[in-house]
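What follows is a set of notes on a single structure, which appears directly below.
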Amino acid sequence: MKRLTAFLAAFLLALCAGVFAVAEDDEVLYLNLPIDFSPGNEINQKYYLSETLYEDPTLRVEITTGSDNGRLYWIADIEIQDPSQLRTAAAEGFDSKGSESGSVLARRMNAVLAVNGDYYCYNTNSSANVTIRQGITFKNKLLRSPCQDVLLIDEDGDFHGVEDPRSGDIGTEIDGKKIINAFYFGPLLVNNGKIRKDKPPLHMNPNDPAQRVAIAQTGHLKYRVIVTGPNERGSKAFRFEDWREFVAGMDDILVAYNLDGGDSSVLVFNGQKINDPENRNERPLADIIYFASVWPGV
């Protein structure tokens, strides 16, 4: 009777939150979030099992830290139950240039984990941009040359790297599946399991040590976020080629994409910036990529 009561309570909470659940022997079979700009479910703090681990029946995040030749890094491995849990959000909407602290935006969206996005509205080539977010196309224009690599995320949560696209638009589908999110920054670090060898675009300042950020897919509904440390306060920083080799050398990387870095680099866990812990200041961001729970949080 207690199990039945608990299940009914969770089911009713899920319905109120706009998601659906079917459970058998306490195993969650299906939960999802709407593909829109609404936040994830409210988070129950009991699922933060430590300062580096979150786990509920629909989402698992584990964070490791380390140093590569004096260069600090943070790696977050994420596993979700449904593609809708990988989401994007803008400070004031993707048709705006508004910005705010990444941690504030992450808390507003009930993000378990969040990372800065591609700064969609400050592209170095303002006449070309690809911004598809949560299934809505805001901009979809490419120039002939030079162009930046594009990352597409389809309705199944799978990554598709488009290397050096030349002209026109990127479309709204890939391999017969709807594009939910598209990013125009890059470049790709790994594509189809192989390191991307082409020269990085000049906007990457490839020869300068800098904080760098990447998002990767490692399996079906499995992802990795990698953030490196600053070039001050005792930590070295990655030049671009070393960064690409570092990411490509990790196990299980299928597609890895470089995001905006430098002072925009922010990794938010449990509502707090965790990278560069000696400097809590945050540059205001236009957008974030985040992972949300669909498990009823109350």
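The values are calculated or read from the model by the stated rules, or taken from the named source; none is laboratory data. Quick caveat: nothing in here was measured; it's all calculated off a predicted structure. Here Cβ is always computed from backbone atoms with ideal geometry, including for glycine, and neighbour counts include all displayed protein chains.
Any idea which of (1) surrounded by fewer than 24 Cβ atoms within 10 Å (Cβ to Cβ); (2) in contact (Cβ under 8 Å) with a residue 40 or more places away in the chain; (3) within 19 Å of D260 (Cα to Cα); (4) not aliphatic (A, V, I, L, M) is the one N207 doesn't satisfy?
Result: N207 passes all but (2).
Looking at (1) closer than 17 Å to N181 by Cα; (2) crowded, with 16+ Cβ neighbours inside 10 Å, can you tell me which one S101 breaks?
With (1) closer than 17 Å to N181 by Cα; (2) crowded, with 16+ Cβ neighbours inside 10 Å applied to S101, the lone miss is (1).
Identify, from the list I43, I63, the residue that is aliphatic (A, V, I, L, M) and farther than 29 Å from P230 by Cα.
That would be I43, the only listed residue that is aliphatic (A, V, I, L, M) and farther than 29 Å from P230 by Cα.
Look through G70, G93, G66 and report the one residue that is within 20 Å of F138 (Cα to Cα) and out of contact with any Leu (no Cβ under 7 Å at 6 or more places or on another chain).
It is G93.
Which of the residues spanning the stretch 78-111 are without any contact (Cβ under 8 Å) to a residue 60 or more places away in the chain and among the hydrophobic types (A, V, I, L, M, F, W, C)?
Across the stretch 78-111, the qualifying residue is only V104.
Exactly one condition in (1) touching a helix residue (DSSP H, G or I) at 6+ places or on another chain (Cβ under 6 Å); (2) at positive phi is false for A214; which is it?
(2) is the only condition that A214 fails.
Residues that are closer than 25 Å to W74 by Cβ, at pLDDT 95 or above and not acidic (D, E): list the strands (runs of 3 or more DSSP E) wholly contained in the stretch 88-204 that include at least 1 such residues.
Answer list for the stretch 88-204: 111-116, 129-133, 150-154, 159-162, 177-184, 188-191.
Kindly evaluate G234 against the criterion of being modelled with pLDDT under 95 and either surrounded by 21 or more Cβ atoms within 10 Å (Cβ to Cβ) or of a type in the set (V, I, T) (or both).
It is false that G234 is modelled with pLDDT under 95 and either surrounded by 21 or more Cβ atoms within 10 Å (Cβ to Cβ) or of a type in the set (V, I, T) (or both).
Looking at (1) touching a Lys or Arg at 6+ places or on another chain (Cβ under 9 Å); (2) of a type in the set (V, I, T); (3) buried (at least 22 other Cβ atoms within 10 Å of the Cβ), can you tell me which one V225 breaks?
Just one mismatch for V225, condition (1).
With respect to D251, determine if the residue is surrounded by fewer than 21 Cβ atoms within 10 Å (Cβ to Cβ) and in a loop (DSSP other than H, G, I, E, B).
Yes, satisfied.
Counting only residues that are small (G, A, S) and in contact with a helix residue (DSSP H, G or I) (Cβ under 7 Å, 6 or more places away or on another chain), which one in the stretch 254-276 is surrounded by the most Cβ atoms within 10 Å (Cβ to Cβ)?
If we take residues in the stretch 254-276 being small (G, A, S) and in contact with a helix residue (DSSP H, G or I) (Cβ under 7 Å, 6 or more places away or on another chain), then A256 is surrounded by the most Cβ atoms within 10 Å (Cβ to Cβ).
Only residues that are assigned to a strand (DSSP E or B), crowded, with 20+ Cβ neighbours inside 10 Å, at pLDDT 95 or above and of a type in the set (S, T, Y): list them for the stretch 29-76, please.
The answer is Y54, and nothing else.
Condition test on P83, is it of a type outside the set (A, V, I, L, M) and in contact with a Gly (Cβ under 6 Å, 6 or more places away or on another chain)?
The answer is yes for P83.
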